[in-house]
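Only one structure is covered here, and it is reproduced in the block below.
The values are calculated or read from the model by the stated rules, or taken from the named source; none is laboratory data. Quick caveat, the model's predicted, so the values are computed rather than measured. FYI the Cβ positions are ideal-geometry reconstructions off the backbone, even for glycines, and counts take in every protein chain you see. With ligands, DNA and RNA removed, areas are computed over all heavy atoms of the protein, side chains included. Shrake-Rupley method; radii C 1.70, N 1.55, O 1.52, S 1.80 Å.
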Amino acid sequence: MTLWEIDLHPAAGERDLLATAAISQAADLGLGSFRAAAVRGFLLEGDLSQSQVEQLARELLADLVVEVPVVSKVGDPSLLSA
């Protein structure tokens, strides 16, 4: 079975709300200011093709108005550059 990773990035022009929340909470804890980027991620294991996983990401997991899904096998370098 293949282990797939699905990362949901903010769409172009959309605010990174997860990073904004993390920065705000860190400031509340007195950790100072910094820059951050965040994505929501899911792992999916099964005998599925890349196109099937991409379809699941688009139709079930992502809000395509504000998010862009990136799908690949766990450990693939493309997940780091998206």
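Identify the trypsin sites (Lys or Arg not before Pro) of segment 35-74 meeting these criteria: DSSP loop state and at most 15 other C-beta atoms within 10 Å of the C-beta.
Working: sites: Arg35, Arg40, Arg58, Lys73; in loops: Arg35.
Answer by residue number: Arg35.
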Of all accessible heavy-atom area on the chain, the percent that carbon and sulfur account for (1.4 Å): 56 percent
Mean Cα-pair separation over length for the chain, i.e. relative contact order, pairs under 8 Å, 6 or more apart, %: 47 percent
Other-chain or far-sequence residues with amide H under 5 Å of Asp76's (modelled H): none
Nearest-ten-degree value, helix 17-28 long axis tilted from longest Cα axis of the chain: 30 degrees
Sparse-neighbourhood loop sites, chymotrypsin sites (Phe, Trp or Tyr not before Pro) in segment 4-58 - DSSP loop, at most 12 other Cβ within 10 angstrom: Phe34
Accessible area expressed per residue, the chain, with surrounding protein chains retained (probe 1.4 Å, Å²): 69 Å²
Candidates per GluC sites (Glu not before Pro) in the chain, loop by DSSP, up to 13 other Cβ within 10 Å: Glu14
Span per principal axis, largest first, for the Cα atoms of the chain (Å): 46, 26, 19
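How high is the FRET efficiency between Leu64 and Leu31 when r is their beta carbon distance and R₀ equals 41 Å, given to the nearest 0.05? Walk me through the numbers before you get to the answer.
Details: r = 34 Å, r/R0 = 0.82.
For Leu64 and Leu31, the calculated efficiency is 0.75.
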